[in-house]
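S.K.: I'd like to ask some things about the structure below.
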Amino acid sequence: MRNLLRSVAATVAVLTACAGDPVGDTFADEASLLISLGDVTVLGRFDLAFPATVTRLERGDGRVSFVHRGTPHDYPGFTGSELIAVRLRHAGGDGVLVARHAPEP
């Protein structure tokens, strides 16, 4: 019974963490970053390394555009989905992870 309660408490902690804004938070690996973003699908990775700190989120409804290392990137055509460009800072410099939230049923 005690193990069951611990498992429930751990699950609640993870789910509660998903609802927050990760800007300023440092993540040991990509898996923990993705947990903080919620139900997402990764669309692109640019110069990622961990541990990394989230410096900014750029959100778009069905489209997100950004410039990384002087190169423009555009992710259009995901109608009904929110796209996120997650800006990260790590020991080797800056990186970007592009993700799409699952559309609402």
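Computed from the coordinates by the stated procedures, all read-outs in this text should not be read as laboratory data. As the structure is a computational prediction, the values presented were derived from the model and not from experiment. Here the Cβ is made from the backbone with ideal geometry for all residues, glycine too, and neighbour counts use every protein chain on show.
S.K.: What net charge is computed for the residues neighbouring V64, neighbours being all others with C-beta under 10 Å from the C-beta of V64, Lys and Arg scored +1, Asp and Glu -1? Working shown, then result.
M.R.: Details: positive: R59, R63, R100; negative: E58, D61, D74, E82.
Residues close to V64 contribute a combined charge of -1.
S.K.: How much length is gained if the chain between R56 and D29 is pulled fully straight, taking 0.36 nm per residue apart and subtracting their Cα-Cα distance, in nm to one decimal?
M.R.: So the extension gain works out to 8.0 nm.
S.K.: In bins 5 Å wide, starting from 0, what share of all Cα pairs of segment 24-80 does each bin hold, as a percent?
M.R.: 4, 14, 25, 26, 21, 9, 1
S.K.: Cβ under 14 Å from R87's Cβ, R87 left aside: what net charge do those residues give with Lys, Arg +1 and Asp, Glu -1? Before the final figure, lay out the partial values.
M.R.: Details: positive: R45, R56, R59, R69, R89; negative: D21, D25, D47, E58, D94.
Net of charged neighbours comes to 0.
S.K.: Which far-off residues, 5 or more places away or on another chain, put their amide H under 5 Å from the one on G44, with H placed in the peptide plane?
M.R.: Placed amide hydrogens put V98 under 5 Å from G44.
S.K.: Quick check: net charge around D47, other residues with Cβ under 14 Å of its Cβ, Lys/Arg +1 and Asp/Glu -1? The partial results should precede the final answer.
M.R.: Details: positive: R45, R69, R87, R89; negative: E30, D94.
Every neighbour counted, the sum reads +2.
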